[in-house]
1. For the list (1) touching an Asp or Glu at 6+ places or on another chain (Cβ under 7 Å); (2) in contact (Cβ under 8 Å) with a residue 60 or more places away in the chain; (3) over 28 Å from residue 15 (Cβ atoms), I need the number of the one condition that residue 93 fails.
2. Look at residue 28 and say whether it is among the β-branched types (Val, Ile, Thr), more than 30 Å from residue 110 (Cα to Cα), within 19 Å of the chain's Cα centre (by Cα) and assigned to a helix (DSSP H, G or I).
3. Can residue 124 be described as in contact with a helix residue (DSSP H, G or I) (Cβ under 6 Å, 6 or more places away or on another chain), in the same structural domain as residue 177 (by TED's automatic domain parsing), assigned to a helix (DSSP H, G or I) and touching a residue at least 24 places away in the same chain (Cβ under 8 Å)?
4. In the stretch 313-356, how many residues are of a type in the set (S, T, N, Q) and either more than 22 Å from the chain's Cα centre (by Cα) or over 15 Å from residue 234 (Cβ atoms) (or both)?
5. State whether one or more residues within the stretch 58-79 are farther than 26 Å from residue 174 by Cα, free of Cβ contacts under 8 Å to residues at least 60 places away in the same chain, assigned by TED's automatic domain parsing to the domain that holds residue 135 and touching a helix residue (DSSP H, G or I) at 6+ places or on another chain (Cβ under 7 Å).
6. Is there a residue being within 30 Å of residue 39 (Cα to Cα) and free of Cβ contacts under 8 Å to residues at least 40 places away in the same chain anywhere in the stretch 139-147?
7. Which residue, of 99, 132, is surrounded by 18 or more Cβ atoms within 10 Å (Cβ to Cβ), in contact with a Lys or Arg (Cβ under 8 Å, 6 or more places away or on another chain) and in contact (Cβ under 8 Å) with a residue 12 or more places away in the chain?
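The values are calculated or read from the model by the stated rules, or taken from the named source; none is laboratory data. Just so it is clear, the structure is predicted and the values come from calculations on it, not from any experiment. FYI the Cβ positions are ideal-geometry reconstructions off the backbone, even for glycines, and counts take in every protein chain you see.
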Amino acid sequence: MTPLDLSWRLDPTAILLLVLVVGIAAAVLPFAHRSLRGDRHGTGVTLAIAGMLAATALLVVTGELWMLALAWSLATAATLTALGLGGGRRALRRSGPWLVLGDVVLWLAVVLAASGTAGEAPAVLLVVAAALRCALPPAHTWLVDSLYAPTPVSAALHGGIVNGGGILVITQFAIIAASPIAVSLLAALGAVAIVAGVLAALVRTDIKGRLVASTIAQMGFMLLVAALGLLAAALLHLVAHGFYKSSLFLSSSDGIDRRAAERRAPRPFLTSATERRVRAVAGALVPVAALVAVALIAYPGGRGPAEAVLLIVIGAAFAAAGARAAALAPSRARVAAILALLAVAAVAFAAVTSALTGLLALTRPADLAAQPVALALAALALVALAAIAAVRHWAPTSPLALVLLALGHRLGSSPVRVDRLERPREARPFRAPAASPRTA
């Protein structure tokens, strides 16, 4: 094939990703039309969002790397338009340079791949482009500044645009897997993003800010899972996160009302400390046991260390959610319902991941199993998260905890240039108004 051949892909992977894009468009575009009706740029922002999602859909079905890069650049142009119309200069201040840099890096990879350049440069450039689009540190600042844009733009960004990096990695993983440096870099960037996103989420008090920090961590986790060669799990996480995060942004304005209602509501019946512990243990063990049982049935004898790491992470997430939900449930019947729901969710995750592995033909290359760097970085990320949780629980006022909070502020805030701040006016002495002749 020549570099300008036209080819399209409509395999099960592309169809699943198209379902994601079409579903987000069906939710975001009507919301944008309604919520931006009174804005003078409302129509332009809505059309730009439609362009963002249309370009992402084109990104999914392209079969050639240069076509993918073209769709990528179209998505960038539509994103910058939406940010500029919706958020002004503040939204474009750091978003523009990072997004344009991602385009330049991707096109450079296209040129090197088309020229037949040997070596690991094209694969490394693909990883860098994916990291920039997924807002991994230090490029996470562009996603933080995007909060100046309206909520529909944020929903389209977090549900569609940032997923472009994951789409690039999954669809071009054959090129990336051939480069040990690219796989190691992908794992390193993903591990750093997980820790950075968690630290940033600790200090953000606003709803949308916490969602941004969560997206950074989730994108890092998705790319780290891809670096381990678990492409089916990475794809499932990408799709689920896109739907989940876009819905959270669209309902973020209701979060304030919900929290106010919770504060006004009467306190629930307090159970004994022993019962709360029993509930927490049951909430943690039931979904984990269901997850492990289905995983052992789907993969008799296990598959390797990568699957074990993924199982540990997903099991810990289910255990934390189950323990908290069961301990705070208002009744024992609600506890039973929560345990049943979590067990079904754990079974569904293991079963769907196993089914996607065979259906989508997303298997790990044989030579990738010999890459110990990705596994080591995944283990380090797990240790770092455990250490952060331990410090926050047992030593919340220690110097180390304060250092972590300061680091979280640096990662999760959008710094303001002091020289552009308005200087406060000098205080003037108060003078009582002179009395008029009538009042005198």
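1. (2)
2. Considered against the rule, which asks whether it is among the β-branched types (Val, Ile, Thr), more than 30 Å from residue 110 (Cα to Cα), within 19 Å of the chain's Cα centre (by Cα) and assigned to a helix (DSSP H, G or I), residue 28 comes out as yes.
3. yes
4. Going through the stretch 313-356 one residue at a time, the tally reaches 2.
5. So far as the stretch 58-79 goes, yes, one or more of its residues are farther than 26 Å from residue 174 by Cα, free of Cβ contacts under 8 Å to residues at least 60 places away in the same chain, assigned by TED's automatic domain parsing to the domain that holds residue 135 and touching a helix residue (DSSP H, G or I) at 6+ places or on another chain (Cβ under 7 Å).
6. no
7. Step by step, each of 99, 132 is checked, and only 99 is surrounded by 18 or more Cβ atoms within 10 Å (Cβ to Cβ), in contact with a Lys or Arg (Cβ under 8 Å, 6 or more places away or on another chain) and in contact (Cβ under 8 Å) with a residue 12 or more places away in the chain.
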